[in-house]
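What follows is a single structure, written as structure tokens, with notes after it.
Readers should treat all values here as calculations from the given coordinates under stated rules, not as data from a laboratory. Fair warning: this is a prediction, and the values are worked out from it, not measured in the lab. Cβ placement follows ideal geometry from the backbone for every residue including glycine, while neighbour counts extend to all protein chains displayed.
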């Protein structure tokens, strides 16, 4: 069984959409979330390897988890952040919510015209997913959502958005999740 872990909360005092802007690291809460998820993973799941997105927030989450599980982690571009609406990058969430794209994003983001479609994101993640087992993938919200949406043939893209350091995995063709209480 493979498991997805969304990175922990990020220091983001200006409340902007940071995508792949360098320097966005885990907040104190984000580190606590990662520690809690690491504890759950060490007790309840069989993990043989950890693969992380190359972005700082995912690498920091991976480092905390890998220290607890006493294993190294590797990096893969295949699970980096969705490369979608780059015109949102650097804008505040308040500014973004006033756009037409945001309405579509919240209704059915598969209808958006983007740099990378959610299906393309799914395809790059699926290749890595299918070639691994007992793997923890430390990645991002839209990356996980796109994978689960297409893999499970969901009807609604915006259901089951992973929270910070939430675990999501597929068991018996059903989405299972562990929501981090921290």
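Taking only Cα atoms and a 10 Å spring cutoff, compute GNM fluctuations for the chain and point out the largest among 154, 37, 66.
Of the options given, 154 has the highest mean-square fluctuation.
Over region 73-155, how many percent of alpha carbon pairs lie in each 5 Å bin up to the one with the longest distance?
3, 13, 23, 24, 16, 11, 6, 2, 0
Quick one: if the Förster radius is 45 Å, what FRET efficiency do residue 74 and residue 100 give, using the C-beta to C-beta distance and rounding to 0.05?
0.70
Using only alpha carbons, build the gyration tensor for the chain and give me the equivalent ellipsoid semi-axes, biggest first, whole Å.
Rounded to whole Å, the semi-axes are 25, 20, 14.
So how tilted is helix 141-151 from the main axis of the chain? Cα-based, degrees 0 to 90, rounded to 10.
Once rounded, the angle reads 80 degrees.
Specify the angular offset, from 0 to 90 degrees and rounded to the nearest 10, of the alpha carbon long axis of helix 28-44 from the longest principal axis of the alpha carbons in the chain.
50
At a 10 angstrom cut-off on C-beta neighbours, averaged per residue, how do the peptides 92-98, 119-125, 23-29 rank from highest to lowest?
Output ranking for 92-98, 119-125, 23-29: 119-125, 23-29, 92-98.
Using only alpha carbon positions, build the gyration tensor of region 1-67, then give the equivalent ellipsoid semi-axes as the square roots of 5 times its eigenvalues, largest first, whole angstrom.
Largest first, region 1-67 gives 23, 13, 9 Å.
Taking the chain as the reference, fit the longest principal axis to its C-alpha atoms, fit the long axis of helix 118-130 to the helix C-alpha atoms, and give the angle between the two in degrees, 0 to 90, nearest 10.
10
Contour minus end-to-end for residue 173 and residue 46, with contour as 0.36 nm per residue of separation and end-to-end as the Cα-Cα distance?
Computed gain between residue 173 and residue 46 is 43.8 nm.
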